[in-house]
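The values are calculated or read from the model by the stated rules, or taken from the named source; none is laboratory data. Keep in mind it's a predicted model, so treat the numbers as computed, not measured. When we count neighbours, we look across all protein chains shown, and the Cβ atoms used for this are built from the backbone with ideal geometry, even at glycine. With ligands, DNA and RNA removed, areas are computed over all heavy atoms of the protein, side chains included. Shrake-Rupley method; radii C 1.70, N 1.55, O 1.52, S 1.80 Å.
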Amino acid sequence: MAVHVNRVALIGTGFVGSSYAFALLNQGVTEELVLIDLNKEKSEGDAMDLNHGLAFAPTRTKIWYGDYTDCKKADIVVLCAGANQKPGETRLDLVAKNLRIFKSIVESVMESGFDGIFIVATNPVDILSYAVWKYSNLPQSRIIGSGTILDTARFRYLLGEHFEVDTRNVHAYIIGEHGDTELPVWSHADIGGNPIMETSGIEKAKLDEIFVNVRDAAYHIIERKGATYYGIAMGLVRLTKAILHNESSILTVSCYLDGEYGETDLYIGVPAVVGSEGIKKVVELNLNETEKQQFASSASVLKQTMQPFF
Ligand SMILES: NC(=O)c1ccc[n+]([C@@H]2O[C@H](COP(=O)([O-])OP(=O)(O)OC[C@H]3O[C@@H](n4cnc5c(N)ncnc54)[C@H](O)[C@@H]3O)[C@@H](O)[C@H]2O)c1
């Protein structure tokens, strides 16, 4: 009887990719991990380094540096390759540069015979997720962008700090573009079942301050250390687990909208149920009027930016 062996192929072993590989190994999520990068020496070095940690890992993971043919048997291909945000550069500035890189990567992955799920982390993540769908011809449900998974984690962290509650007990979402037009869904933010807006007495100025800190977090980190990678790496591991373990977990990811939230034909961050077949269902929140308008304007910025390319 053929036994299925979980395999993750990681393309792009820079700051984000190598942090993801390290977190994946430490959490014992997959049986096989193949590393691919334009810079072969880097991914070879990473494979060696990670293998030297196997003696201390929770489970055995086979790790090697490889090439696109290794994607054939992968359950998930994780895309962290490409150029990153330079100081002062928005995520949308990266569009043209990373679209070119993604076309050749996705074509190479598909030539291998890959028939699994793509996770996209490279920015601008919503637009690149759409591009991966177009370039791969896989069903929309099998392309998942990291979307606002990290922004939501930052939001929950800051709310947890403010209310002195474990971040895991804070339920609140950031939706929209992973970028400057994203929005907080205050109308559905709760701690331990208590809606924050109705029960906490928090002032509007404080709410605004928390959200601005979430939205601008990447800029603040990039100013200090040049790139952000640990938080997103852990978010990507969370997403990988939800797929490999068929969890049906609700995560805020970039997924294809086909009428949900009044939008069609774009990838954007919303809560969705994630399992072994990818996106099982988009969760539609009953947004208030302000949130509806903010979401529509975020979607419109994405559509305008994509328009010249598709
Ligand atoms: N989604 C999120 O929340 C989030 C958070 C942080 C960073 N990012 C994004 O992740 C991406 C990677 O960031 P980073 O800091 O790791 O950058 P990095 O420059 O450290 O790594 C990028 C890697 O991609 C490789 N690469 C470039 N072109 C390639 C190609 N054609 N084929 C294979 N590999 C190729 C490079 O050799 C490099 O190792 C950026 O787009 C960044 O904006 C996303």
Give the share of C-alpha pairs in each 10 angstrom bin for the chain, from 0 to the last occupied bin, in whole percents, shortest bins first. 6, 28, 35, 22, 7, 1, 0
Vicinal HN-Hα couplings computed from phi for region 242-249 (Karplus, 6.51 cos²θ - 1.76 cosθ + 1.60; Hz; Gly/Pro x): 4, 7, 5, 9, 6, 7, 6, 7
If one compares the long axis through the Cα atoms of helix 204-215 with the longest principal axis of the Cα atoms of the chain, the angle in degrees, nearest 10, works out at 20 degrees
Rounded to the nearest 20 debye, what is the charge dipole size of the chain about its Cα centre when +1 sits on each Lys and Arg Cβ and -1 on each Asp and Glu Cβ? 600 debye
Provide Rg over Rh for region 7-145; use the alpha carbon set for both Rg and the Kirkwood Rh (inverse mean inverse pair distance). 0.97
Tell me, what % of the accessible area of the chain is carbon and sulfur with a 1.4 angstrom probe? 51 percent
Under the Karplus relation 6.51 cos²θ - 1.76 cosθ + 1.60, θ = phi - 60°, what is the ordered set of whole-Hz ³J(HN,Hα) values for region 255-269, x standing for Gly and Pro? 9, 6, 9, 10, x, 5, 6, x, 10, 9, 6, 7, 9, 7, x
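Quick one: compute a quarter of the convex hull surface over the Cα atoms of region 144-218 and quote it in nm². Write out the running numbers ahead of the final one.
Details: hull surface 19.4 nm².
Mean shadow area of the hull around the Cα atoms is 4.9 nm².
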Write down the percent of antiparallel bridges among all DSSP beta bridges whose residues are both part of the chain, to the nearest 5. 50 percent
Charge dipole of region 185-310 built from unit charges on the beta carbon (Lys, Arg +1; Asp, Glu -1), centred at mean Cα; most positive-end Cα among Val270, His245, Leu285 is His245
Using a Debye calculation, one point per C-alpha and no hydration shell, please list log10 I(q)/I(0) for region 149-306 at q = 0.11, 0.14, 0.18 Å⁻¹ in order. -0.44, -0.73, -1.23
Part-to-part distance (alpha-carbon centres) for region 97-140 and region 7-60, which is given in Å: 20 Å
What list of ³J(HN,Hα) couplings, whole Hz, do you get for region 297-303 from phi and the Karplus terms 6.51, -1.76, 1.60, once you set θ to phi - 60° and write x for glycine and proline? 6, 5, 4, 5, 4, 4, 5
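Given a 1.4 Å probe, how much area per residue of the chain is accessible, in Å²? Could you put the intermediate results ahead of the total?
Numbers: 14180 Å² over 310 residues.
With all protein chains present, the chain gives 46 Å² per residue.
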